[in-house]
Amino acid sequence: MKVPKSLQNVDRSGAVVRTIEYDDGSVIAIDFGHAGDDLMVDVVGSTAIVVTDDEQFEFELPPEASDVSAQNGVLTIEE
């Protein structure tokens, strides 16, 4: 699963973006650090809307995405 283009740029704000590949799927994990203390995500159709302490952005989910969640400042997109 590829990282959506709009998420490729969040690392400029100090976030760490990682893709983890498993035998049965993959996970994209974005750690917003302290900026993500109040991280929230909402999915509308195939669009994810992410709100952090400092910013809000939205992006199209990869077609393979089956679950999107936010916990402890980390956004995960699972295949």
Taking the solvent-accessible surface of protein heavy atoms with a 1.4 Å probe, what is the per residue accessible area of the chain in Å²? 63 Å²
Correct choice for semi-axes √(5λ) of the Cα gyration tensor in Å that was computed from the model, options (i) 42, 18, 10; (ii) 24, 17, 10; (iii) 19, 14, 11: (iii)
Could you work out the helix-only [θ] at 222 nm for the chain, with each DSSP H run of four or more residues adding -39,500 (n - 2.57) and the total divided by the number of residues, to the nearest 500 deg cm²/dmol? -500 deg cm²/dmol
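Tell me the net charge near Met1. Cut-off is 11 Å between Cβ atoms, Met1 excluded, with +1 for each Lys or Arg and -1 for each Asp or Glu.
Working: positive: Lys2; negative: Glu21, Glu64, Glu78, Glu79.
For residues surrounding Met1, the net value is -3.
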How much of the accessible area of the chain, probe 1.4 Å, is carbon plus sulfur, in whole percent? 45 percent
For the range 21-63, treating each Cα as an identical point scatterer without solvent, what Debye log10 I(q)/I(0) comes out at q = 0.17, 0.22, 0.33 1/Å? -0.57, -0.82, -1.13
Can you list the HN-Hα couplings for the range 45-53, worked out from phi with the Karplus curve (6.51, -1.76, 1.60; θ = phi - 60°), rounded to whole Hz and with x for Gly and Pro? x, 9, 10, 9, 10, 10, 10, 10, 4
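The values are calculated or read from the model by the stated rules, or taken from the named source; none is laboratory data. All values derive from a computational prediction rather than experimental measurement. Here the Cβ is made from the backbone with ideal geometry for all residues, glycine too, and neighbour counts use every protein chain on show. Surface accessibility is based on the protein's heavy atoms, side chains included, excluding ligands, DNA and RNA. Shrake-Rupley method; radii C 1.70, N 1.55, O 1.52, S 1.80 Å.
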